[in-house]
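Below: one structure, written as structure tokens.
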Amino acid sequence: MTDVVEAPDFEDVAGRARLWLADADGSPKPIGWQCNSCGRVRLPSRHLICRRCTSESAAPIELTGTATIYSRTVVHRGFPGTPVPYTVVVVDLSEGIRLRTVLVGDGADRAEIGDVVRLVPMPGAQGLDQAGFAVSPHPAHEEVTP
């Protein structure tokens, strides 16, 4: 299971819907919210009501950061100023959350459905306060426990 994150004031985190916190050595750690009533884990948002049980009580938790590619597509025509091609993926996080995002980093062009990836801050974000989730292929030598 996941551990409770040592987070700043609950209202401060909730008000900004932060997706990342820095740990003691400065590395980014993805966070989610776990409902205190039913245990459902979800991504942070400005709305703190649980969609499963309607509880307003939740606590921030650290996500494992691992996910499995459920679906992928390569985009060849983008918005002006957006470099193409890029890969859009739908991933299933090990906590049971399904997320649509982009695949970045070395090996992104070779990733396939079923591959394990890891959450990383969205490239180009102005710090962790602003960073969304992207995913990057997992190095083959890393052990992954779903």
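Quick one: divide the alpha-carbon radius of gyration of the stretch 46-100 by 2.2 N^0.38 Å and tell me what you get. With N residues counted in the stretch 46-100, Rg over 2.2 N^0.38 Å equals 1.59.
For ILE97, the solvent-accessible surface with a 1.4 Å probe is about 20 Å², rounded to the nearest 10.
So what's the net charge close to MET122: Lys and Arg +1, Asp and Glu -1, counting the other residues with Cβ under 14 Å from its Cβ? Kindly include the intermediate steps, with their values, before the conclusion.
Values: positive: ARG18, ARG100, ARG118; negative: ASP129.
Result for the local shell: +2.
For the stretch 29-88, which whole percent of the accessible surface, found with a 1.4 angstrom probe, sits on carbon and sulfur atoms? After summing per-atom areas, the C and S share lands at 50 percent. Mind giving me the nanometre distance, one decimal, between the label points for VAL90 and ALA59, set 7 Å out from Cα along Cα→Cβ? It is 3.3 nm. With all protein chains in place and ligands, DNA and RNA left out, the 1.4 Å accessible area ranks PHE79, PHE133 as PHE79, PHE133, largest first. Summarising the overall dimensions of the stretch 20-146 from its C-alpha atoms, the Rg and Dmax are 15.5, 45 angstrom. Accessible surface for THR82 stands near 60 Å², nearest 10, in the context of the full protein assembly shown (1.4 Å probe).
Could you order LEU43, LEU93 so the one with the most accessible surface comes first? Probe is 1.4 Å.
Values: LEU43 40, LEU93 10 Å².
The ordering from most to least exposed comes out as LEU43, LEU93.
Calculate one ³J(HN,Hα) per residue across the stretch 113-120 by plugging θ = phi - 60° into the Karplus curve 6.51 cos²θ - 1.76 cosθ + 1.60, and present them in order as whole Hz with x for glycine and proline. Values per residue, Gly and Pro as x: 4, x, 5, 8, 10, 10, 6, 9 Hz.
The values are calculated or read from the model by the stated rules, or taken from the named source; none is laboratory data. Source: prediction; values computed, not measured. Cβ coordinates were reconstructed from backbone atoms using ideal geometry, including for glycine residues, and neighbour counts include every protein chain displayed. Side chains included, ligands, DNA and RNA excluded: accessible areas come from the protein's heavy atoms. Shrake-Rupley method; radii C 1.70, N 1.55, O 1.52, S 1.80 Å.
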